[in-house]
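Visitor: Before we start, here is the structure in question, set down as structure tokens.
Read-outs throughout are calculated quantities, based only on the coordinates presented, and are distinct from any laboratory measurement. Remember, predicted model here, so these are calculated numbers, not experimental data. Cβ: placed from backbone, ideal geometry, glycine included. Neighbour counts: every protein chain shown.
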Amino acid sequence: MLRGVRVSAGVTQQELAVLLDETQSYVSKCERGERRLDLVQLQAFCRALNHPLDVFVSEYLRRSKRVSAHSTSSSRVPKTSPTRE
């Protein structure tokens, strides 16, 4: 999601890194999920990209519920009839 917001804002990883006073590698790792962000760091990303934090979090929660619902339904074991011994 971070990458999508950044691309929509028309900002390169290098430009975002400068805004965050971080490296381009840091931005890349955050976008790929190799580095987890705390709330303060996420807020810095959102501010740098002029994207409301509450909108980002709402979209994240919406997507995670959709993924969770999909994985829950696909991981169910089909019911079978009892076997006779």
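Visitor: Just need a number here: residues in the stretch 40-51 that are in contact (Cβ under 8 Å) with a residue 40 or more places away in the chain and either of a type in the set (D, E, K, R) or in a helix (DSSP H, G or I) (or both).
Guide: Summing the residues that are in contact (Cβ under 8 Å) with a residue 40 or more places away in the chain and either of a type in the set (D, E, K, R) or in a helix (DSSP H, G or I) (or both) in the stretch 40-51 gives 2.
Visitor: May I pose another question? Output the residues belonging to the stretch 18-50 that are exposed (fewer than 13 other Cβ atoms within 10 Å of the Cβ) and within 13 Å of Arg6 (Cβ to Cβ).
Guide: Arg32, Asn50
Visitor: Inside the stretch 1-31, can you point out the residues that are in contact (Cβ under 8 Å) with a residue 12 or more places away in the chain and of a type in the set (D, E, K, R)?
Guide: Hits for the stretch 1-31 are Arg3, Arg6, Glu31.
Visitor: Moving to a separate point now. Could you tell me whether Leu37 is part of a helix (DSSP H, G or I), free of Cβ contacts under 8 Å to residues at least 60 places away in the same chain and of a type outside the set (Ser, Thr, Tyr)?
Guide: Taking the combined requirement at face value, the residue does not satisfy it.
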